[in-house]
Amino acid sequence: MSILPGWGSLESTANWYWGFHVAGMVFIFLLALCEILAFNYGGRADTLRGVAEGARAEKRQQEMDVAHAFHAAEVEALKKELEQAEWKTGASQRQQTDRQLSPVQGSALIHALSPFRGQKITVVCIKNDAEGCRFAEILKAVFVASGWNCEGVNQAAYSGGHPVGIEVTVNQAEGQAGRIPQPADRLIKALITLGLAGQEIFVHPTVPAGEIEFRVGRRPTTKTASESKSKAYPILGRGPSP
């Protein structure tokens, strides 16, 4: 122990004793102060964490409330569009066999299509097919209520046979390459689920890439759209585009 400074002197050892004693007391004081500060800061962190979590929960609730209000507004807009479409066609023109879209089906379609707001879609019915054109007007109202870009209903004459039921048509190059636009995929799946269309998707070269042509054909007479058992989308074509 002789290597320690002042080890051989009484005066030096006394000084070193008091020095280490004071240093120990200071260390104990600092240790206690650090523990107190750590405890206070820990409590403050828990408080701020609770405030942040509460703010996030409130924001999520507000977003859910806005989404619910938006959905309710869309459903109400759809009802008004359907009423307007029915008023335009006139009760005297409507047959008992007209295809109709129930409020449940309309609401389900809006819910499925709303995430793709702004999607361009062209609605086409067969020329002089009054029932098909009335049904096309109803479906157009659904697309408008979903926020899709849809301007009116076009009438066209087809070669190679008239469409039957509903045909969702996309760009031929995209369809044959297996690049079905996601909005078209969501649309056909929703129609299949609601029993409004079969499991086919149609293609044609005149349909612009990324857009959808929605063809409303004659009313099916024997086989309903929901009877198809295919597990994939057959890629089909029909005549020149109207």
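The values are calculated or read from the model by the stated rules, or taken from the named source; none is laboratory data. Worth saying up front: this structure is predicted, and the values here are computed from it rather than measured. As a convention, Cβ positions derive from the backbone with ideal geometry for all residues, glycine included, and neighbour counts pool all protein chains shown. Ligands, DNA and RNA are excluded from the accessible area calculation, which covers all protein heavy atoms including side chains. Shrake-Rupley method; radii C 1.70, N 1.55, O 1.52, S 1.80 Å.
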Once all protein chains are kept in place, Cys150 shows an accessible area at probe 1.4 Å, nearest 10 Å², of 20
Could you tell me what percent of the accessible area of region 122-198 is made up of carbon and sulfur, with a 1.4 Å probe and every protein chain present? 44
Proximal aspartates and glutamates relative to Lys120, as straight alpha-carbon distance under 17 Å, when same-chain residues fewer than 8 apart are discounted: Glu137, Glu151, Glu167, Glu174, Asp185, Glu211, Glu213
Order these peptides, 178-186, 43-51, 152-160, 120-128, by their mean beta-carbon neighbour count within 10 angstrom, highest first. 120-128, 178-186, 152-160, 43-51
Region 51-187 - Kirkwood radius from inverse mean 1/r over Cα pairs (Å): 17.1
If you take the Cα atoms of region 102-178, find Rg, then find the Kirkwood Rh from the mean of 1/r over all pairs, what is Rg/Rh? 0.99
If I take R0 = 41 Å and measure r between the Cβ atoms of Gln176 and Thr97 in this structure, what FRET efficiency does the formula 1/(1 + (r/R0)^6) give, to the nearest 0.05? 0.65
